[in-house]
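What follows is calculated from the coordinates using simple rules that are stated; it is not laboratory data. Everything quoted here is computed from the prediction, not taken from an experiment. For neighbour counting, all protein chains shown are included, and Cβ atoms are generated from backbone atoms with ideal geometry for every residue, glycine included.
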Amino acid sequence: MHLVSLRIENFRCFTEAALDPDPEGTTVITGRNGVGKTSLLEAVAYLATLQSFRGSPKEAMVRAGTEQAILRAETMVGERALAIEAELSAVGRSRTMVNRQAVRRRSDLHEALRATVFSPEDIAVVRGPPADRRRFLDGVLAVIDQRSASLSDDVDRILRQRAALLRQSNRRLSPEVAATLDVWDSRLAVAGGALAEAREALTERLQPLATEHYTRLAGEDGPVALAYRRSWDGGLEGALAASRQDDLRRGVTLVGPHRDDLELLLGGLPTRTHSSQGEQRSVALALRLAAHQLATERLGSAPVLLLDDVFSELDPFRSRALLAGLPPGQALLTTALPPPPEVDAAKTFVVGDNGSVVPAEIGSGP
């Protein structure tokens, strides 16, 4: 699988832009800070996941003063060409199609485009709140496991419905409210329990890979321990029943996979509070490398690799170690500075201050 072309209109700062990356090697995207290099990778990632890896809502990705952004991509899966088109609306519903067939959930994109993103913001997986770690796990599951991607969407939908019911109840458990909560609790117990199990299994598979990559990145042994922590004991349906009065009083669902966390330890100590900045960044990179390796092994080929200005945050040793840990495959790399000498650029594009995206002159380099 690889990306053949990308066309965008009214997306972020771009009025129009086009990118035809190298199908197998590394495409370098260079330009000054703030010209939109990251937005090009964000467009690719959105077409693979229906989400911004920056955590932005859809309306924030529509160019200011316009009502709709258009993203189009052509991909090749084996010998089959696929066309993905997304319309992002500033107001109202957005839609996405693959070969003119409507995409109803993220898992529908699984066979059309898969991508792994590395960015400086990955440090939030270590330093940030539990939501960042859950998002990391669910993002990996969306790449390697189509069923789990559907589970995450199902849980989100059920939680929205349950939250709306709790708000409308005015903190009163009427017979009607109780009966409806029973229905949503039963559905959440099934989907949420399955999602937690998928996250737990993923955590077990990532741990040895993360330790291996951390050792290379840091240049020293440092066992990375991962542990998935549920927000409930026993069965989820029973935990929801026990928490019902508190849920009604606060108007939110207090237990479930949306409250779980991924515990990260380095040398037996929590990385969030006991590791240096360099150690935290190495752990974050090790997790991404582990996820990319696992996806490559599970899928039989590497997802499209999106490297967003990651080398600006790394010393030469870690930069070389990061590149050494990546399997061969298509990569898009953004940088405001020359990339490490180990990067063999098959193509280079320059993003101008006016929003233009043009191939670099042969021999000019980034």
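Some observations on this one:
- Taken over the alpha carbons of the stretch 51-105 as equal point scatterers, the Debye sum produces base-10 log I(q)/I(0) values at 0.25, 0.28, 0.31 Å⁻¹ of -1.02, -1.13, -1.22.
- Of the residues V143, P257, N99, the one whose Cα sits farthest towards the positive end of the charge dipole of the chain is P257 (charges of +1 on Lys and Arg Cβ, -1 on Asp and Glu Cβ, taken about the Cα centre).
- Placing +1 on each Lys and Arg Cβ and -1 on each Asp and Glu Cβ, with no other charges, gives the chain a dipole about its Cα centre of roughly 1180 debye.
- The slack in the chain from A242 to S5, taken as 0.36 nm per residue of separation less the alpha-carbon distance, amounts to 80.1 nm.
- Within the stretch 181-310: Cβ-based charge dipole about Cα centre, in debye rounded to nearest 20 (Lys, Arg +1; Asp, Glu -1): 200
- Put a plus charge on the Cβ of each Lys and Arg, a minus charge on the Cβ of each Asp and Glu, and nothing anywhere else: the dipole of the stretch 133-181 about its Cα centre is then about 300 debye.
- Rounded Å value of the spacing that divides the Cα centres of the stretch 160-204 and the stretch 1-65: 36
- Taking packing as the residue-averaged number of other Cβ atoms within 10 angstrom, the listed peptides 302-308, 109-115 run from highest to lowest as 302-308, 109-115.
- Under the membrane-span-like helix rule (DSSP H runs whose alpha carbons stretch at least 15 Å along the helix axis, mean Kyte-Doolittle hydropathy 1.0 or higher), the chain yields none.
- Gaussian network model of the chain, springs between alpha carbon atoms under 10 Å - residue of S243, S39, S148 with greatest fluctuation: S243
- Cα lying deepest toward the dipole's positive end in the stretch 172-281, options L248, A225, T271, charges on Cβ: L248
- Cα centroid separation - the stretch 228-266 against the stretch 300-364, whole Å: 41
- When the Cα positions of S56, L19, A73 are compared along the charge dipole of the stretch 1-77, S56 comes out farthest toward the positive end, with charges on each C-beta of Lys, Arg, Asp and Glu.
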